[in-house]
Amino acid sequence: MSCYCDYDVQPTLYTKKVHTARKTHRCGECGRTIARGEAYEKVVGVWDGCLDMYKTCRHCTDARQYVKAHVPCACLAHGNLHEDMIETVRGYQSQSPGLLFGLYRFMVAAKRAGRLALENQNA
């Protein structure tokens, strides 16, 4: 079975690397603060001649890995991860009961981590 993602534009350059934050960053997917010392994914790419960079927190990358592990051909774009994951998983609900519930668990964990980090920052 071949997998094809119908994106408008394919990147001419694409690098993905996991970093440890030396300063605070903002996750481009959920908006959560990535704290100093926390691992995050940094993607740099050139789409349609424009250089873009995406920083993604551990919670969002874990959710993405969960979906890709359970859905044979999940096409998940940067910057629209949560909507793409929900739409993809809903399409597979009949084949994999509980998949959407599992995804929501990852999303709730990310929100809780964001709230905890905010409380610790304000304390």
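Okay, here's what the table says:
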quantity: So residue 104, is it part of a helix (DSSP H, G or I), surrounded by 11 or more Cβ atoms within 10 Å (Cβ to Cβ) and modelled with pLDDT of 90 or more; calculated: yes
quantity: Filter pass, residue 63 being assigned to a loop (DSSP other than H, G, I, E, B) and surrounded by 11 or more Cβ atoms within 10 Å (Cβ to Cβ); calculated: no
quantity: Any hit, the range 1-20, residues being of a type in the set (A, V, I, L, M, F, W, C) and within 11 Å of the chain's Cα centre (by Cα); calculated: no
quantity: Any hit, the range 29-51, residues being within 30 Å of residue 95 (Cα to Cα), modelled with pLDDT of 95 or more and of a type outside the set (Asp, Glu); calculated: no
quantity: Enumeration of residues in the range 67-99 that are out of contact with any helix residue (DSSP H, G or I) (no Cβ under 8 Å at 6 or more places or on another chain), buried (at least 16 other Cβ atoms within 10 Å of the Cβ) and more than 22 Å from residue 10 (Cβ to Cβ); calculated: none
quantity: Meets criteria (under 11 Å from residue 29 (Cα atoms) and modelled with pLDDT under 90) for residue 117; calculated: no
quantity: Residues of the range 37-52 classified as surrounded by 11 or more Cβ atoms within 10 Å (Cβ to Cβ) and either in contact with a strand residue (DSSP E or B) (Cβ under 7 Å, 6 or more places away or on another chain) or in a loop (DSSP other than H, G, I, E, B) (or both), total; calculated: 10
quantity: Failed criterion for residue 17 (all others in (1) outside any loop (DSSP other than H, G, I, E, B); (2) at pLDDT below 95 hold); calculated: (2)
quantity: Residue among 63, 21, 69 that alone is over 17 Å from residue 114 (Cβ atoms), free of Cβ contacts under 8 Å to residues at least 60 places away in the same chain and not aromatic (Phe, Trp, Tyr); calculated: 69
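The values are calculated or read from the model by the stated rules, or taken from the named source; none is laboratory data. In this text, all values refer to a predicted model and were calculated from it rather than measured experimentally. Here the Cβ is made from the backbone with ideal geometry for all residues, glycine too, and neighbour counts use every protein chain on show.
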